[in-house]
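Read the figures in this text as sums done on the coordinates, not as results from a lab. Bear in mind the structure is a predicted one, so any value in this text is a computation, not a measurement. Because the Cβ atoms are built from the backbone with ideal geometry, glycine has one as well, and the counts that use them run over all protein chains shown.
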Amino acid sequence: MSNVRTEDDRRTAITDRLGRPLRDLRVSLTDECNFRCTYCMPEELYGEGYPFLNPASLLTFEEIGNVVRQLATLGVEKVKITGGEPLLRPGVHNLVSDLLSIPGIRDVGLITNGFHLAGVAERLRDAGLSRVTVSLDSIVPETFDRIVGRGGGLERVVSGLRRARQVGFDPVKVNMVVQRGVNDGEILEMAQFARDEGLELRFIEYMDVGRRNEYHDSLLVPSAEIRDAIDARDPIRAVDPQYYGEVADTYEYLDGAGRIGFISSMTQPFCGTCTRLRLSADGKLYRCLFSGIGLDVRNILRDDVAERDDRLNAAVRRFWGIREDRYSELRGSDRDAAAGSRRHERVEMYRMGG
Ligand code: SAM
Ligand code: SF4
Ligand code: SF4
């Protein structure tokens, strides 16, 4: 089946109230995880027996395919598979090849904590997975264990990274959430590790997403500070953005040995070019990482098959058409509006798909 967008498809691309097109989709496969990162699913709140989603409520791969097929006709070109921990779902490689066979979908990536990556990297590559990102906040075992809590296993994550490189993923990206007083003393060490291993490291600013982590401004380390520290040791220069809506500011080392990126959602919000929709594991679409309310598409998917595609299409058009979310921008410039939004219900990141 061809992956080329037809003229018809192109004509149906939609934009929101702020003129932003719909281009990217993050698909969460599960809300569960084998780790308990302090900033995402703190152990005190997500202990044994926590009521994660019932397996029957999770979208099947076929249902996910049906949603993506409709979204592709409305402009979605790139899909990133996420969670929770997506590799807890068996057969992710099958989903990857299914999604890549949908006309208009030209890129399917995966973000994982890396724990189960080594065993499936080859199958994912064979399925055509376009890119892999591994979240790794420290290569110091004590710091790593402290951040990820239960489940640990730094060596397994590092093996996963190496295996991904070996089977040919290039680049393999590594996301490091930097927290002051926790792992900010390890920035240069991580940068060196990434250079030695041929990985593209991206520093992520700790976000006030969700309601259940203990975000505080004092934990935030601005990207500019990290960039200056790296530049002072190994000089870097900015690289032009590769595409509209790219969230990372990318730099390359002047000595030619690799690239590095910064995702500065807190200090330099990128809502103006945010083209991303999120699909939760139980079939809700969210227009913003800071949303409280999603559009339930599972009901549509499990209803009358004859009208399913038209109903899905119309519902998403309406939903995206009235989108005006830009929380991160308001957080900085309109304290009242942001405070109002903070008081509202907000869905946790592991649930809507980080
Ligand atoms: N479990 C997978 C993983 O860790 O890569 C995928 C889901 S996780 C929610 C996706 C990304 O969100 C990870 O890179 C994680 O570090 C990041 N993340 C989670 N909570 C965050 C927060 N409060 N601030 C910044 N990044 C966060
Ligand atoms: Fe799990 Fe990823 Fe959240 Fe860590 S950031 S608890 S690995 S979902
Ligand atoms: Fe997009 Fe919402 Fe994040 Fe802004 S705050 S970049 S609109 S997800």
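Note the full-extension length gain between Asp234 and Glu155 as 0.36 nm times their separation in residues minus their Cα-Cα distance, in nm to one decimal.
Between Asp234 and Glu155, full extension yields 25.8 nm more.
Would you work out which of Ala238, Gly294, Leu201 lies farthest towards the positive end of the dipole of the chain, given +1 charges on the beta-carbon of Lys and Arg and -1 on that of Asp and Glu, about the Cα centre?
After comparing all options, I get Gly294.
Mind jotting down the distance between the C-alpha centroids of the stretch 108-155 and the stretch 259-327, whole Å?
Spelled out, the Cα-based centre of one part sits 25 Å from the other.
Need the list of lysines near Lys284 for cross-linking: C-alpha distance under 24 angstrom, and skip anything on the same chain fewer than eight residues off.
Hits, sequence-local ones excluded: Lys78, Lys80.
Pick from Leu154, Leu129, Leu53: which is most flexible by mean-square fluctuation in a GNM of the chain where alpha carbon atoms under 10 Å apart are linked?
Most flexible of the set in this elastic network: Leu53.
What GluC sites (Glu not before Pro) does the stretch 180-233 have in DSSP loop regions with at most 16 other beta carbons within 10 Å?
Here the sparse-neighbourhood loop sites are Glu214.
Compute, for the stretch 7-352, the length of the dipole vector about the Cα centre, with Cβ point charges of +1 (Lys, Arg) and -1 (Asp, Glu) only. Units Debye, rounded to 20.
680 debye
For a Förster distance of 30 Å, can you work out the FRET efficiency between the beta-carbons of Ser97 and Asp217, rounded to the nearest 0.05?
Plugging the Cβ-Cβ distance into 1/(1 + (r/R0)^6) gives 0.10.
If all Cα-Cα distances of the chain are sorted into 10 Å bins from 0 onward, what percent lands in each bin, rounded to whole numbers?
Once binned at 10 Å, the Cα pair distances of the chain give 5, 24, 35, 26, 8, 1, 0.
Can you list residues whose amide H is under 5 Å from Phe169's amide H, if they're 5+ apart or on another chain and H is modeled 1.01 Å from N?
Distant-sequence amide H within range of Phe169: zero hits.
Between Glu307 and Leu188, what length comes free when the chain is fully extended (0.36 nm per residue of separation minus the Cα-Cα distance, one decimal in nm)?
The Glu307-Leu188 span can extend by a further 37.3 nm.
On a 0 to 90° scale, report how tilted helix 223-233 is relative to the longest principal axis of the chain, with both axes built from alpha carbons and the result rounded to the nearest 10.
Here the helix axis deviates by roughly 40 degrees.
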